[in-house]
Every structure is written in C-alpha cells, then in structure tokens.
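Have a look at the structure below before the remarks.
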Amino acid sequence: GFVLMLEGDGEAGLRSSLAALAIAERHDIAFIVPVLASQAGFLLAAQGQAADGCAMARRAVRKAEELGIQAGRSRWSARLSETCLRAGATDDAVQYAETAVAVAEHGAELGYLCSALRLRAKTRACGGDLDGARGDLQRAVAVARKLRLGPALAKCHFDTGALALCAARPAE
C-alpha cells in the first residue's frame, strides 16, 4: 500500500492498506495497526472521504499512544493533520502539525522534521500567518540540506514558491 501510494496509485494503495489492516487486526499484530491505519486514513482523505480519513488517522494515533509506540509518531500526527486539513478542520490540523514538529524535534525523528515543518507551514499559511509559514519553510530547507534530503529540499523550494505566490510576491 505504501509503495502504491508513493507511485500515485491512491485507489490501489488504499485497497492494499485496508486489506493489510484487516489482516493485522485479525491476527492481533498490534504494532503495525498505527502504520496501516494512518496510511489508510491519509488515502481515504485523498480519495475525497475526508471525514472517514480523519477518523481512521485519529484511530492510528490513539492506537500508537495506547501501545506506547514512539517511533513514527511524528509521521502519524502529520498525516492526521493533513487529513484534518482536507476535512476543513483547520484548528485540529494546526494542533496535530504542532505535535508532529514537537515529536520530531524531541523524539530524534529528524528525517520527519522537514516534512512536519512543511506541513506546519501549510497550516500557518491557511490561517493567514505567512511570516510563520515562511520561517517554517526556511527551517525545513536547513534540515533538508543538513540531512542531504534532495527530494525534500525540492519540495521545500516548491512550497516556498507557492507561498510567495499566495503572498503576492511572484518575483520570489
């Protein structure tokens, strides 16, 4: 499901993720449930089922907390934030983006910090805080460069350009 999602085949990714989630639950493989539920929630939202996606992504975060799983928490919080944005639940999206950044910073998930900062920038821009969004993107660029995350750096530059357009600064 993850590979299909990365390849852009959301429908097949969703089918695979939901099938894997059902198997994990049927055989009580609890540690993988947050991963699969987070992924399925994100894909549901991407398919236009934002409310169901939010419920599934919230379930993933709750399950991880219930099990005491720390690794990956920033990614799951970020996916929940993204699904909340798609559902129009901006306040929740901001809250979960903040959580994603905090967990990535303090949980040594630096690989996820860049994407969490980009997401928080998106939530800030949606709320009209363009300066805060710009600051997050600048910090994300620094993280991507430090960790040599070429594709993430490219996404940061794209987001920075999109933000400049939103701020009516096309020259930037």
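The values are calculated or read from the model by the stated rules, or taken from the named source; none is laboratory data. Here the structure is a predicted model, which means the values were calculated and not measured. Quick reminder, even Gly has a Cβ in these numbers, built from the backbone with ideal geometry, and neighbours come from all protein chains shown. Each accessible area value is taken on the protein alone, full model and side chains, heavy atoms only, with ligands, DNA and RNA left out. Shrake-Rupley method; radii C 1.70, N 1.55, O 1.52, S 1.80 Å.
Among the listed residues F31, F42, which satisfies the condition of being closer than 26 Å to A125 by Cβ and free of Cβ contacts under 8 Å to residues at least 60 places away in the same chain?
On the way: F31 fails: closer than 26 Å to A125 by Cβ.
Going through F31, F42 in turn, just one is closer than 26 Å to A125 by Cβ and free of Cβ contacts under 8 Å to residues at least 60 places away in the same chain: F42.
Which ones in the stretch 116-134 are open to solvent by 30 Å² or more (accessible area, probe 1.4 Å) and more than 17 Å from the chain's Cα centre (by Cα)?
G127, G128, D129, L130, D131, R134
Give just the number: which of (1) buried (at least 18 other Cβ atoms within 10 Å of the Cβ); (2) small (G, A, S); (3) at pLDDT below 90 does A30 not satisfy?
(1)
Would you confirm whether any residue within the stretch 143-155 is modelled with pLDDT of 85 or more, open to solvent by less than 30 Å² (accessible area, probe 1.4 Å), more than 26 Å from A51 (Cα to Cα) and touching an Asp or Glu at 6+ places or on another chain (Cβ under 8 Å)? Talk me through it step by step, then tell me what you get.
Step one: of the stretch 143-155, the residues modelled with pLDDT of 85 or more are 143-155.
Adding the requirement that they be open to solvent by less than 30 Å² (accessible area, probe 1.4 Å) leaves 143-144, 152.
Narrowing the set further to residues that are more than 26 Å from A51 (Cα to Cα) leaves 143-144, 152.
From what's left, touching an Asp or Glu at 6+ places or on another chain (Cβ under 8 Å): none.
There is no residue in the stretch 143-155 that is modelled with pLDDT of 85 or more, open to solvent by less than 30 Å² (accessible area, probe 1.4 Å), more than 26 Å from A51 (Cα to Cα) and touching an Asp or Glu at 6+ places or on another chain (Cβ under 8 Å).
Let's see how each residue does on (1) over 19 Å from Q39 (Cα atoms); (2) without any contact (Cβ under 8 Å) to a residue 24 or more places away in the chain; (3) in a helix (DSSP H, G or I):
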site: G135; (1), (2), (3): yes, yes, yes
site: A140; (1), (2), (3): yes, no, yes
site: L165; (1), (2), (3): yes, yes, yes
site: A168; (1), (2), (3): yes, yes, no
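Pick out the one residue from L113, L165 that is in contact with an Asp or Glu (Cβ under 8 Å, 6 or more places away or on another chain) and either modelled with pLDDT under 90 or open to solvent by less than 90 Å² (accessible area, probe 1.4 Å) (or both).
Every option except L113 fails the conditions.
Of the residues that sit in the stretch 81-110 and are of a type in the set (A, V, I, L, M) and not in a helix (DSSP H, G or I), which one is least open to solvent (accessible area, probe 1.4 Å)?
Only one residue fits best here, namely A89.
For the stretch 1-59, which fully contained helices (runs of 4 or more DSSP H) count at least 3 residues that are of a type outside the set (G, A, S) and over 19 Å from C84 (Cα atoms)?
Working: elements: 2-6, 10-26, 33-46.
In the stretch 1-59, the matching helices (runs of 4 or more DSSP H) lie at 2-6, 10-26.
Scan the stretch 1-27 residue by residue and report those that are open to solvent by less than 50 Å² (accessible area, probe 1.4 Å) and under 18 Å from R58 (Cβ atoms).
Residues satisfying the conditions are L14, S17, L21, A24.
State whether the residues of the stretch 67-80 include one that is assigned to a helix (DSSP H, G or I) and either among the acidic types (D, E) or modelled with pLDDT of 90 or more (or both).
No; the residues of the stretch 67-80 include none that is assigned to a helix (DSSP H, G or I) and either among the acidic types (D, E) or modelled with pLDDT of 90 or more (or both).
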